[in-house]
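One structure is given here, and the rest of the page talks about it.
The values are calculated or read from the model by the stated rules, or taken from the named source; none is laboratory data. These numbers come from a predicted model, not from an experiment. Cβ coordinates were reconstructed from backbone atoms using ideal geometry, including for glycine residues, and neighbour counts include every protein chain displayed. These accessible areas exclude ligands, DNA and RNA; they are computed on the full protein's heavy atoms, side chains included. Shrake-Rupley method; radii C 1.70, N 1.55, O 1.52, S 1.80 Å.
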Amino acid sequence: MTAHEVRDVIVVGAGVAGLAAAHRLKEAGRAPLVLTSGRGIGGRCATWRLDGQPVDYGVGFLHGVDPELVAAIHSVGDATPIPGWPRHVEGRGTPCQPRAFAPQSARLAYAEGVSAFPKWLARDLEVRRQTTVERLALGDAGIVLTLASGEQLCGRDVILAMAGPQAETLLVPLVEDSDEVDAARRLLAMLGALPSLTVMAAYDPGTPEPPFEMLYPEDSALLQTVAHDSSKRKAPRALVLVLQALPRWSRAHLDTPPETWERMLLDEAGRLIAPWVRAPSVTRTHRWKWARVDAGCELSQPLLIPLGAGFRLGVAGELFAPGGGVEAAWLSGHRLAGRMLESRPS
Amino acid sequence: MTVPVTSLQDLVERDRDHECEGFGSAKVCVRVVGVAELPTRFGAFRIVGFWNNRDAKEHIAIIKGDVLGADAVPARLHSECLTGDVLGSLRCDCRDQLIMALKKISAEPYGVVLYLRQEGRGIGLLNKIRAYSLQDQGLDTVEANLALGFRDDERDYAIAAHMLQSLTIRSVQLMTNNPKKVGALESYGIDVRGRLPHLIPPNPHNRFYLETKANRSGHFIDFGGKPRLTEQHDLVMVDGMPDALVEKE
Ligand SMILES: Cc1cc2nc3c(=O)[nH]c(=O)nc-3n(C[C@H](O)[C@H](O)[C@H](O)COP(=O)(O)OP(=O)(O)OC[C@H]3O[C@@H](n4cnc5c(N)ncnc54)[C@H](O)[C@@H]3O)c2cc1C
Ligand SMILES: [Zn+2]
Ligand SMILES: [Zn+2]
């Protein structure tokens, strides 16, 4: 095996879960290295810049009830919180997360986009982007990660923080080494995740402002939500809507060309809102194969699996705390780090 | 707050707007919302319904005799188990344990069974079924079971402590086989006067406890080859089982 650097902790996935874990470990004096496949930070807590204007195309706003999470989302530096967003909700369809509208739940967005939260968590962290982990193996000095580039890294503690099906794939080669890993992999296979096809649509100046900030259509077989994204921005140059398709419909169209489903979703939004919605000036699509956990499929806490000679494999992510979503992702990472520190302080 | 409490029924009025700091790290707060007679095949009890202000879960106390202000009340904590308690599942011993507890308190002048409604701890029944499914595949692992929500004792003891306090019970004799559980309850300010072992009689379904040893993860393997998870708060003790098997927890 090639010589490789041995790290204290390696976190795979710079979503909210991985960053929450790395942040807490770092605060406690550990030296986590975060690896993530994309160019950006935040995973599904995602903001795109459409002609420079932020557009949230994953989760549309943050919400939660846990006091620590609520404090964390309210203390993001370099961001302008928009408390209570969405304040004007239309339609009686089911929100992605009905709990978001429970009376005790705090809600907020940021003028800079929801990715301000993960970026803030990452502010002091060593993050290597565009770095995809392809394979895990148990080595003599720790858990060996083989990257897409062929490079190998080694961590005494490794945390996987990503969507369930992604973690499941990475666990496969370790199944032989541990019944715990085998059980974890089979467990993840039982849980799955819901897809969502997403269209960002920008409209020319002078387009009428829709009256809602968030629309949950009750009579659509296609659309779950239409977010009036530009209502979160300080001085938006363009009116921007974000259309997100229902899981069932998304699953049926996952493998069809984006032009096809984009057209269908825009037409549907036009039918629901007004004819002008059909004809945006700029669009961009995103295919979330694993957008979020299905209700009833969440676990209650993250996994921390002992491996080999004192090495540990942690698994966190939105699946690993009740309720799913950003709150669960954050809690799972935060709790996993807490557990790791308890049993092996720096 | 000076509603005089002379009967269980008064607790409902007393707790009308009850809110407190809460017990434990989850800041559990419960209040009494209803009291009624509950004749059962195991004896005549009263049932006290509690509402958990924090997580909107319901809990109940099954009460024998006059426990208000009483000392050294025999008390048993039982966690809801739909498959065992109601359906008679043989994957656990919950039903035997519940029945024993009810029989035992009905034979005493007074006693209480705290029945905690949080199946599978928080996430519930579905995750318990997933745990069983893993067992069926030959996997009974600590971490998966934890992730599936088996056992959050800390929370259960916090709820139990608040319930006992709401019932104005001054001290209890805890029905448990695990001495550590006494400390768990005491840490919430409950005066535990002693421990009553909780023995269940042998029957054709639990006889393997008398014959086999616990496996690596501390679980017994039943006659069907399936591990028997400890779904209640302490290890099962079947009458006649060697003590050594129990004390090790
Ligand atoms: C359309 C949509 C709507 C949503 N609505 C809501 C909502 O209303 N409320 C709510 O709370 N939540 C909602 N969510 C869910 C929320 O966004 C997620 O639960 C949360 O962001 C997940 O965080 P995470 O850290 O668990 O995973 P992720 O954000 O997925 O982070 C994992 C990261 O790991 C990277 N990665 C994966 N595999 C590898 C690998 N092998 N090597 C390197 N890197 C890897 C990924 O690229 C990603 O960046 C929504 C999500 C979507 C997509
Ligand atoms: Zn209270
Ligand atoms: Zn049971």
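Inside 10 Å of the C-beta atoms of A:291-298, what's the mean count of C-beta atoms belonging to other chains?
Going residue by residue through A:291-298 and averaging, the value is 2.
About the Cα centre of the stretch A:97-175, how large is the charge dipole given +1 on each Lys and Arg Cβ and -1 on each Asp and Glu Cβ? Please answer in debye to the nearest 20.
360 debye
In the stretch B:147-190, what residues drop by 40 Å² or more of accessible area when the other protein chains are put back, versus the chain on its own? Use 1.4 Å, and skip ligands and nucleic acids.
Residues meeting the cut-off: B:147.
Can you pull out the GluC sites (Glu not before Pro) in the stretch B:10-52 that DSSP calls coil and that have at most 11 other Cβ atoms within 10 Å?
In loop regions of the stretch B:10-52 (DSSP not H, G, I, E or B), the sparsely surrounded GluC sites (Glu not before Pro) are B:19, B:21.
Return the single residue from B:16, B:155, B:95 with maximal mean-square fluctuation; model: Gaussian network over chain B, springs between Cα atoms under 10 Å.
For chain B, modelled as a Gaussian network with Cα springs under 10 Å, the answer is B:16.
How much accessible area per residue does the stretch A:1-93 have, counting only protein heavy atoms and a probe of 1.4 Å, in square angstrom?
Computed with neighbouring chains in place, this is 43 Å² per residue.
Straight-line reach from residue A:289: which lysines have Cα under 30 Å away, leaving out those fewer than 8 places along the same chain?
Once the sequence-local lysines are set aside, what remains near residue A:289 is A:119, A:232, B:128.
I'd like the per residue volume of the convex hull spanned by the Cα atoms of the protein assembly as shown, given in cubic angstrom.
Hull volume normalised by residue count: 176 Å³.
About the Cα centre of chain A, what is the dipole size in debye to 20, counting +1 per Lys and Arg Cβ and -1 per Asp and Glu Cβ, all else neutral?
My answer is approximately 480 debye.
Please sort by residue number the chymotrypsin sites (Phe, Trp or Tyr not before Pro) in the stretch B:26-116 whose DSSP state is loop and whose Cβ has at most 11 other Cβ atoms within 10 Å.
Filter output for the stretch B:26-116: empty list.
State log₁₀ I(q)/I(0) for the stretch B:1-140 at q = 0.09 Å⁻¹ as given by the Debye formula over alpha-carbon point scatterers of equal weight, solvent excluded.
Debye curve over Cα of the stretch B:1-140, log10 I(q)/I(0) at q = 0.09 Å⁻¹: -0.33.
Got a sec? What order do B:71, B:156, B:136 fall in by accessible area at 1.4 Å, biggest, i.e. largest, first?
B:136, B:71, B:156
Which values of log₁₀ I(q)/I(0), to two decimal places, follow from the Debye formula for the stretch B:3-86 at q = 0.14, 0.17, 0.26 Å⁻¹ with a uniform point scatterer at every Cα?
The computed values of log10 I(q)/I(0) come out as -0.58, -0.85, -1.44.
In Å², and per residue, what accessible area does the stretch B:90-212 have when probed at 1.4 Å with the other protein chains present?
37 Å²
Name the residues whose placed amide hydrogens come within less than 5 Å of the amide hydrogen of residue B:73, ignoring near sequence neighbours (fewer than 5 apart) on the same chain.
B:171, B:172, B:173
Before we go on, tell me the buried accessible area for the B/A pair, both chains summed, 1.4 Å probe, in Å² to the nearest 100.
Chains B and A together bury approximately 1600 Å².
For the stretch A:163-214, just say rounded, prolate or oblate: build the C-alpha gyration tensor, square-root its eigenvalues into a ≥ b ≥ c, call rounded for a/c under 1.5, and beyond that prolate if a/b exceeds b/c, oblate if not.
prolate
Where Lys and Arg each count +1 and Asp and Glu each count -1, what net charge lies around residue A:255 among other residues with Cβ under 12 Å from its Cβ?
With Lys, Arg at +1 and Asp, Glu at -1, the neighbours total +3.
For the stretch A:1-148, which whole percent of the accessible surface, found with a 1.4 angstrom probe, sits on carbon and sulfur atoms?
Carbon plus sulfur share of accessible area: 49 percent.
With every protein chain left in place, what is the accessible area per residue of the stretch A:261-325 in square angstrom, probe 1.4 Å?
38 Å²
Could you pull the Cα extents of chain A along its three principal axes, largest to smallest, in whole Å?
Sorted largest first, the three principal extents are 64, 40, 35 Å.
Using a 1.4 angstrom probe and counting only protein chains, how large is the accessible area of residue B:64 in Å², to 10?
In the full protein context, residue B:64 sits at about 40 Å².
What number do you get for the stretch A:121-250 when its Cα radius of gyration is normalised by 2.2 N^0.38 Å, N = residues?
My calculation over the Cα atoms of the stretch A:121-250 gives 1.53.
Taking residue B:103 as the anchor, which lysines have their alpha carbon closer than 17 Å to its alpha carbon, excluding any fewer than eight residues away along the same chain?
Of all the lysines, those that pass the test against residue B:103 - Cα under 17 Å, at least 8 places apart if same chain - are B:64.
For residue A:99, what charge total do you get from the other residues with a beta carbon under 11 Å from its beta carbon, if Lys and Arg give +1 and Asp and Glu give -1?
Spelling it out: positives minus negatives among the neighbours equals 0.
Once you have the alpha carbon radius of gyration of the stretch B:67-195, what is it after dividing by 2.2 N^0.38 Å, with N set to its residue count?
1.12
Give me the net charge for the shell around residue B:23: Cβ to Cβ below 12 angstrom, other residues only, Lys and Arg +1, Asp and Glu -1.
0
Per residue and in Å³, how big is the convex hull formed by the alpha-carbon atoms of chain B?
122 Å³
Which of the listed residues, B:233, B:164, B:53, is farthest toward the dipole's positive end in chain B, when Lys, Arg count +1 and Asp, Glu count -1 at the beta-carbon?
Checked the options; the winner is B:233.
In whole percent, and with a 1.4 Å probe on the protein chains, what portion of the accessible area of the stretch A:201-306 is carbon and sulfur?
53 percent
In a GNM of chain B with a 10 Å cut-off on Cα contacts, which of B:79, B:171, B:89 has the highest mean-square fluctuation?
B:89
If you count only protein heavy atoms and use a 1.4 Å probe, how large is the accessible surface of residue A:251, to the nearest 10 Å²?
The accessible area comes out at roughly 130 Å².
Carbon and sulfur: what percent of chain B's accessible surface (1.4 Å probe)?
54 percent
Calculate the dipole size of the stretch B:40-132 relative to its Cα centre from +1 charges on Lys and Arg beta carbons and -1 charges on Asp and Glu beta carbons; express the result in debye to the nearest 20.
My answer is approximately 240 debye.
With a 1.4 Å probe and every protein chain left in place, tell me how much accessible area residue B:230 has, in Å² to the nearest 10.
40 Å²
Among A:238, A:221, A:31, which one shows the biggest mean-square fluctuation in a GNM of chain A, springs joining Cα atoms closer than 10 Å?
Top of the fluctuation ranking is A:221.
Residue A:159's amide H: which non-local residues (gap 5+, or another chain) put their own amide H closer than 5 Å, with H modeled 1.01 Å from N in plane and none for Pro or chain starts?
Close amide H contacts, sequence-distant or interchain: A:10, A:11, A:12, A:314.
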